[in-house]
1. With Val431, Val418 as the choices, which residue is farther than 30 Å from Leu489 by Cβ and of a type in the set (Val, Ile, Thr)?
2. In this structure, does Ala233 turn out to be buried (at least 19 other Cβ atoms within 10 Å of the Cβ) and either polar (S, T, N, Q) or out of contact with any Phe, Trp or Tyr (no Cβ under 7 Å at 6 or more places or on another chain) (or both)?
3. Report, ordered by the first and then the second residue, all pairs with beta carbons closer than 7 Å, sequence separation of six or more or different chains, a first member in segment 84-113 that is without any contact (Cβ under 8 Å) to a residue 12 or more places away in the chain, and a second member that is surrounded by 13 or more Cβ atoms within 10 Å (Cβ to Cβ) and in a loop (DSSP other than H, G, I, E, B).
4. Output the residues belonging to segment 532-542 that are touching a helix residue (DSSP H, G or I) at 6+ places or on another chain (Cβ under 8 Å) and either polar (S, T, N, Q) or modelled with pLDDT under 90 (or both).
5. So which of Ser366, Ser391, Ser456, Ser452 ends up being over 20 Å from Ile326 (Cβ atoms) and not assigned by TED's automatic domain parsing to the domain that holds Thr483?
6. Picking from Ala149, Ala125, which residue would you name as being surrounded by fewer than 16 Cβ atoms within 10 Å (Cβ to Cβ) and in contact with a helix residue (DSSP H, G or I) (Cβ under 6 Å, 6 or more places away or on another chain)?
7. Any idea how many residues of segment 329-349 are surrounded by fewer than 19 Cβ atoms within 10 Å (Cβ to Cβ) and within 47 Å of the chain's Cα centre (by Cα)?
8. Check whether at least one residue in segment 507-525 is surrounded by 17 or more Cβ atoms within 10 Å (Cβ to Cβ) and modelled with pLDDT under 75, and report yes or no.
Amino acid sequence: MEPRLSKRSAALAAGALLLLCTLFILGRPGSTAEHDRYRGQLRQLRVATAQLEVDVLRQRLGMRETHGTQGHDFDALAARARALRVMPGFLSGEGLRSLTASLDAYLRALEDSRTLLATAREQDARIAALRQTFPQSVFATAAALPPGALREQVEALGVDVLTASRPSEERFGARVEGALERLAHLRKGPPLSAAANAALDDLAARTRELAALSRSADASFQALLDHSASSEAERLISTYLQLQEQSQSRAERTRIVLFGVSLLLVGYVFVVLVRLARASAALGELNRGLEARVAERTQALSAASAEARASDARKAAILEASPDGIVVLDEVGRVVEFNPSAEAHFRLRSVQAVGADFLTLALPASLPAAQRDSVRAALQRDDGPAARVESPCLRADGGVFPAELTFARVHADGPPRVTVFVRDLTERKTVERMKNEFISTVSHELRTPLTSIRGSLGLLEGGIVGELPAQALDMVRIARTNTERLIRLINEILDLEKMESGMLELKLQPQTAQDLVEATLLGVQGMAETAQVTLRSDVEGAPQVKGDRDRLIQVLTNLVSNAVKFSPPGASVVVAAAGMEDGRVRFSVTDQGPGIPEEKMGRLFGRFQQLDASDTRSKGGTGLGLAISQAIVEQHGGRIEVLSRPGEGATFHFSLEALRAPA
């Protein structure tokens, strides 16, 4: 496989190139056309503003205007200034705000100049009107005065006012004030007529008004010159040029930064491409190795798949050939699979069984509720080993057959499944019944002659036919002892047969623990004396139980006789009974024997089980006593348990429900 770049690598390289192009575009110097156009508009505004102010001065000096100073001229300048609000795009936000503020200042100055010019022109008009009527006032006043200095002063005042080139000259005000002071001084002479005083007062008032208007007009023009719009226009141009220079500086710095970033990006792209080329080469090598491994794995997988198919075929063959019925159930107990043996057991085809509820399909309606519940509990069991129960099962034709059902929950991928192994016990039950009948028959047939033999041997041992020689007496005693042992074995076998067939009947009656213990000790006292073992009774209070007296004494006798047999001479065996807090009565037999190893405790209650063959020869016994005792205790609602350590003796104990005394 040839090394090549992946789609992701190609996309990364393309993105880097696109970013480089973008940085190149952003880093180019901006166009100067917009700057030149805006700067030209600002200069035109400044020139037009200066021309307007020059025309105002020319008009003030009485010269002819060249461009005009009327209101529409001011409006045209304002319109030009407002057009400048469309500013170049390269200016920053702060620069736009600064330039806008300068434009606003220019517009305010232009509006102030318009207002000052209008005020000055109004005052000039009033001055012109006063100058037109001033000669009549001078003539009327001079006519009302007698010849003399006062009259000459009035005529001189009129000459000064009327001969001034313009009232706004600086010397005009001083000359008028001097003339008025001289006029006032001369009036202090000979008294004048009322008409003459009135004429003088009117002339003085007109003269002062004319002087005041002149000063006011001069002040308006001075304010117009001090705060001219052309200075604001000049400031506007300066502000713009400064902002343009700052923008160029920022653009230059940005271009430098973008150039540096571009260099870094080019370096990064170069490094990435080099690494990608190396990685592509390594990836090609890895791909070749991977292809080889995939080929090996594919071959191995094919072999494993063939083996799995063969294994599945073997499993299917085993499933088909299994003598036990195998039924697979889903999580709710419906049949999913039904093998041929199950079809034979239930006499039902698989297609008819699949999808049916197993308990409804397999259990007869007449099955007791307790037994049905035990089967359901085994089916619903989720942990632990496989659950095994015996129950009659229903055939499709209505017949019933005994079966052993084993429920095993399968934990694997997919939905949970339960496998049920169905074993037909019809043949086994038939064999067991025949065996039990044979054992019962043989036992009964053997017990009758053995009883007669034991009686005859007892009579011989008792000397009914005369005193026997010592050797013959020993032989008779041995024969009698073994005959009794055979009779006990037969009785125990008959008890087991009754228990297995459910024919063992218990005569349940109130029993005191003290009576049961004393009866037991009385029966084994001779055996204990022979073995030099001391028997002790330890009964607390007077607890009572409900049970079969003979069978309970049989259990205690078996436990005590075992304890005596396995206790050394001089030891003691304690038989205890006491009430417990849970409402039961606990019976226990404790010896001082060798104890029982933990690994052998599971064999204690088995049939024909003995822990040591040497003990069997020395101690005797059939190995059925504990099995029978356990069965009797279980029928009374209890269970025999053992506590023992090697070398520390053993304690066998069981508990029964206590019988409450009537209130």
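1. On inspection, the qualifying residue turns out to be Val418.
2. no
3. Here the result reads Leu96/Met87, each pair linking segment 84-113 to a residue that is surrounded by 13 or more Cβ atoms within 10 Å (Cβ to Cβ) and in a loop (DSSP other than H, G, I, E, B).
4. Thr534, Ser537, Ala542 - these are the residues of segment 532-542 that are touching a helix residue (DSSP H, G or I) at 6+ places or on another chain (Cβ under 8 Å) and either polar (S, T, N, Q) or modelled with pLDDT under 90 (or both).
5. It is Ser366.
6. Testing whether each residue is surrounded by fewer than 16 Cβ atoms within 10 Å (Cβ to Cβ) and in contact with a helix residue (DSSP H, G or I) (Cβ under 6 Å, 6 or more places away or on another chain) leaves just Ala149.
7. Number satisfying all stated conditions: 7.
8. Scanning segment 507-525, I find no residue that is surrounded by 17 or more Cβ atoms within 10 Å (Cβ to Cβ) and modelled with pLDDT under 75, so the answer is no.
The values are calculated or read from the model by the stated rules, or taken from the named source; none is laboratory data. A quick note: this is a predicted structure, and the numbers were derived from the prediction, not measured. Using ideal geometry, Cβ is built from the backbone for each residue, glycine included, and neighbour counts are taken over all protein chains shown.
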